[in-house]
Each structure stands twice: as structure tokens, then as C-alpha cells.
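Step one of this worksheet: look at the structure below.
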Amino acid sequence: MRRAAARISWPVAFLGMAAAYLGACETKVLRYNPPLAGLPGAQTGMAPVYDSSMKVSNSPLATQATAKPVIENPDGTKTLISRNGRDLMFHIATCMREDDEKTFTEQVLSEMTRDEFYERGYDPKYAFREMKRRREDLEKMFKMLPAAELSPGVRMEMVGENVMRVRLHYVDKDTMPWCGFDMKLEGTNWKLRWFIENDGK
């Protein structure tokens, strides 16, 4: 009987030590990207955590130490920094919210798109007015692309020289008329080429 009791005591003791060890372990979140976390003004119970696999490598400034997308200049003006699609979305949303047509036209819209407006005899400011006219379509797209290229289901495609497409495929055209956007790398910043009409494909 004593031998049997001894055999039983070892597993029990081992389980007790394991429980104590596990109870002392510290939980560390390596990756956490909740839906809508990337939208300007979004609040979550816990701040998003991004690991090295989630870094955007398409922009030369993707690993820049500063996280500020806006630089306040001594003369009172501001310089927008767009290291990736998330920064670009932030600037689009901010310009829309503040009705800042000038900043959108000069610093958010790509030079290529501005030139196309001029070539057709139009002022590039019409791009901002068209975006405002389709504000509802823009907001629907942003909700589906909360973190731009890091959003679930997003496919990135190179569609021109230094032009990257960020879009969702196979989404309903009626509920989401715009399914993504093209952005062009100009210097060290991504600028808005324009939005993608949803063809349902």
C-alpha cells in the first residue's frame, strides 16, 4: 500500500508544480490588430500591437522612427507625411473632416492626378469636391479598409510606375461603390492617385 501511495504522489506533486509555474507566467501580446483600429479617432480597449510581419515595406519611410504623420513648421504651415496607405487614409479623412481643400489638393492628391485635371481644363480642386460629393462611398470604403494595406482580405497590386493599388475583391457594388484606392510614391511620400470603382470582381 505504501508503494502505491508513493506512485500516486509523484504525478500529483508534478501537476502542482506545473500549475504553480503556469500561474506565474506572463502573457505577452505579439500581434493584435482589431477591426477599425486604423481609422482616425478610433478607440479600442487595448492599443494595436504590430509585429515585424505587419510592417509596410513599400515606402522608404515605413520604418522611420517618428510616428507623426504631420509636421508643424515654424511658420505655422504643416507638412504631411505619408509613409504608407494608413497615413494616406488618415490625411484624406482629416482633410474631409476639416473641409481642407487646399491641403488635400496640394499635399494629398498626387501630382500625376493634378496634371491630368489641368490637361483636361479643370482645376484639381474639383477632385476634393467630388470626394465630398461621394462622402458616403468614401466612409463605407474606409470602414472596410480600416488599416489600409494591413486590413484583412486586402490585395496589393502594382498598377503603374510607383503606383500601388490597395483594394478588396468580390464585395457587393451596391453596398460598397468604391472598393479601394491607388496611391503613387512621389519622393518619399505616398499620394492619392484616385479611388477604385467597384466592378464586383
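The values are calculated or read from the model by the stated rules, or taken from the named source; none is laboratory data. This structure is a prediction, so every number in the text was calculated from the model and none was measured. Cβ: placed from backbone, ideal geometry, glycine included. Neighbour counts: every protein chain shown. Accessible surface is based on the protein model in full, side chains and every heavy atom, while ligands, DNA and RNA are left aside. Shrake-Rupley method; radii C 1.70, N 1.55, O 1.52, S 1.80 Å.
For the stretch 131-167, the set of residues classified as assigned to a helix (DSSP H, G or I) and either open to solvent by less than 60 Å² (accessible area, probe 1.4 Å) or touching a Ser or Thr at 6+ places or on another chain (Cβ under 6 Å) (or both) consists of M131, D137, L138, M141, F142, A148, E149, L150, listed by residue number. Scanning the stretch 115-124 for residues that are in contact (Cβ under 8 Å) with a residue 24 or more places away in the chain and small (G, A, S) turns up nothing. Just one of the listed residues (G187, G121) is open to solvent by 40 Å² or more (accessible area, probe 1.4 Å) and over 26 Å from K68 (Cβ atoms), namely G121. Residue count for the stretch 83-96, restricted to those that are among the polar types (S, T, N, Q), over 11 Å from the mean Cα position of the chain (by Cα) and surrounded by 21 or more Cβ atoms within 10 Å (Cβ to Cβ): 0. Selection of the stretch 97-116 for residues being crowded, with 20+ Cβ neighbours inside 10 Å and among the aliphatic types (A, V, I, L, M) yields V108, L109.
Filtering the stretch 190-199 to residues that are more than 15 Å from T113 (Cα to Cα) and not acidic (D, E) leaves only N198. Restricted to the stretch 190-200, and to residues there that are modelled with pLDDT of 90 or more, open to solvent by 20 Å² or more (accessible area, probe 1.4 Å) and touching a Phe, Trp or Tyr at 6+ places or on another chain (Cβ under 9 Å), the residue that is nearest to S110 (Cα to Cα) is R193. Reported count of residues in the stretch 119-176, each being within 21 Å of N84 (Cα to Cα) and not small (G, A, S), is 29.
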